Every structure is written in C-alpha cells, then in structure tokens.
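**Student:** Here it is: the structure, laid out below.
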C-alpha cells in the first residue's frame, strides 16, 4: 500500500541539518539529520485526507498546515531520509483510513430507570446535608 503514497511523498521538501546530541569530532561538520516539510494544503492529496490531517491533534503540524518531521536517529543522511519518508508514508496511510460513522443510539429503558433511581438517591443524600432546624 506504501507505493500508493509515493507520489505524495515526492511533494515533500527535505532540508539537511546538523543532528542534536552528543557526537565526536565530526558532529559539527556533517549535516546528517533531515527536516522533512510537507505542505498539506498545497499538496495533491484528496480533500478528505487533507481535512483529516489538518483536524488531527498532531503537534508536528503548524498553523499554516505544514507537517514537519525531524529524522536524526541514524548516522547517515540517507538512512535519515528514508526514515523521514517512511514516517510520512505512515502518517498519510493513517489519514487515508476514513473513520466509521457513529450510529446514533438511544439509552435503554433499564438504563433510564437506573439513572433516575441513582439521581433520586443522590438528591436525598444532598437534601439530608441541608438545614436540620435549630440545634
């Protein structure tokens, strides 16, 4: 199924940056981490997928609708690039699945009776806490 999303993944913009964290003498010279930027509103994704992505509570999506992934798990730029693409594909595949519609249901008669009984018992407890006259 990942091959279906390859054309959308190709719309992503890659930027090489220096990775964070501890490293050796080479760490300050090599830009092995990858920033992947994917403009959701400007992409050729179907409108329903765009809407699901933009409505998600993913903190990696900016107010402008740009998804930003940072890949720095590996030591080489190529492995980080593949990792970023795989993560983007996973996000797109998850957004492609349309959530099932909720069917409206009604509470059963027994649950309505239970609710009223619990409500009456609770109100009785609260009424007993009230004024008890002059003591």
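The values are calculated or read from the model by the stated rules, or taken from the named source; none is laboratory data. The model shown is predicted, which means the values in this text are computed figures rather than measured ones. Cβ atoms come from the backbone with ideal geometry, glycine included; neighbour counts cover every protein chain shown.
**Student:** Can you tell me which residue is nearest to residue 39 (Cα to Cα) among those in region 65-89 that are out of contact with any strand residue (DSSP E or B) (no Cβ under 8 Å at 6 or more places or on another chain) and not in a helix (DSSP H, G or I)?
**Tutor:** This residue is 73.
**Student:** Can I ask one more? I'd like to verify a number: residues in region 68-90 that are out of contact with any helix residue (DSSP H, G or I) (no Cβ under 7 Å at 6 or more places or on another chain) and surrounded by 12 or more Cβ atoms within 10 Å (Cβ to Cβ), how many?
**Tutor:** Qualifying residue count for the region: 13.
Listed here are the residues, each with its yes/no results for (1) touching a residue at least 12 places away in the same chain (Cβ under 8 Å); (2) in contact with a strand residue (DSSP E or B) (Cβ under 9 Å, 6 or more places away or on another chain).
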site: 43; (1), (2): yes, no
site: 91; (1), (2): yes, yes
site: 98; (1), (2): yes, no
site: 108; (1), (2): no, no
site: 116; (1), (2): no, no
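**Student:** Condition (residue is in a loop (DSSP other than H, G, I, E, B) and modelled with pLDDT of 90 or more) applied to region 93-101: is it met by at least one residue?
**Tutor:** The answer is yes, given that some residue of region 93-101 is in a loop (DSSP other than H, G, I, E, B) and modelled with pLDDT of 90 or more.
**Student:** So, one more: With respect to residue 117, is the statement that it is over 35 Å from the mean Cα position of the chain (by Cα) and either surrounded by 10 or more Cβ atoms within 10 Å (Cβ to Cβ) or not in a helix (DSSP H, G or I) (or both) true?
**Tutor:** Yes: the conditions hold for residue 117.
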